[in-house]
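Note sheet for the following structure.
Any read-out appearing in this document is the output of simple, stated calculations on the displayed coordinates, not a laboratory observation. Just so you know, these numbers come straight off a predicted model, no measurement behind them. No Cβ is skipped: glycine too gets one built from the backbone with ideal geometry, and neighbour counts run over all protein chains shown.
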Amino acid sequence: MARRKILVPESRAALDQLKARVTGAADPADARFEAAREQGIPLQKGYNGKLTSEEAGKVGGRIGGSMVQELIRMAKNNLKE
């Protein structure tokens, strides 16, 4: 699985925690499985070549979109303070 390069490598742990929080997963590594389960997509550990591009995109889009929304909410709260 290809990973995008993080501009601030020290932020990896915080981003992983955010990912887990927005998906409701206890462990950041399980975030994609939780997002897939919520949408009824049969994502499993290991090979997932039978998933369609649409299904795979829904999982990643759900996680990324939720993370962006939460980061915007956090920034707005910081501006208010």
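Considering helices alone, the calculated mean residue ellipticity of the chain at 222 nm is -19500 deg cm²/dmol, with DSSP H runs of length four and up weighted by -39500 (n - 2.57) and normalised per residue. Going by neighbour counts of Cβ atoms within 10 Å, the residues V8, V22 line up, fewest first, as V8, V22.
Assuming 0.36 nm per residue, please report the length gained on full extension of the stretch R73 to Q17 beyond their Cα-Cα distance.
On the way: separation 56, 0.36 × 56 = 20.16 nm, distance 1.60 nm.
So the chain would gain 18.6 nm between R73 and Q17.
Between the Cα long axis of helix 53-80 and the first principal axis of the chain there is an angle of about 10°, rounded to the nearest 10. Against the chain, whose longest principal axis is taken from its Cα atoms, helix 12-23 shows a tilt of about 70°.
Charged neighbours of A35, selected by a Cβ distance under 15 Å, balance to -1 (K, R count +1; D, E count -1).
Contact order for the chain, expressed relative to its length and based on alpha carbon pairs under 8 Å spaced 6+ residues apart, stands at 24 percent.
How large is the Kirkwood hydrodynamic radius of the chain, counting all unique pairs of alpha carbons, in Å?
Values: mean 1/r = 0.0723 Å⁻¹.
Result for the chain stands at 13.8 Å.
When the dipole is taken about the Cα centre of the chain, and only Lys, Arg (+1) and Asp, Glu (-1) are charged at their Cβ, what size is it in debye, to the nearest 20? Write out the running numbers ahead of the final one.
On the way: 15 positive and 10 negative charges, 38 e Å.
Rounded to the nearest 20 debye, it is 180 debye.
Charge tally around R73: other residues with Cβ under 14 Å, Lys/Arg +1 each, Asp/Glu -1 each, net +1.
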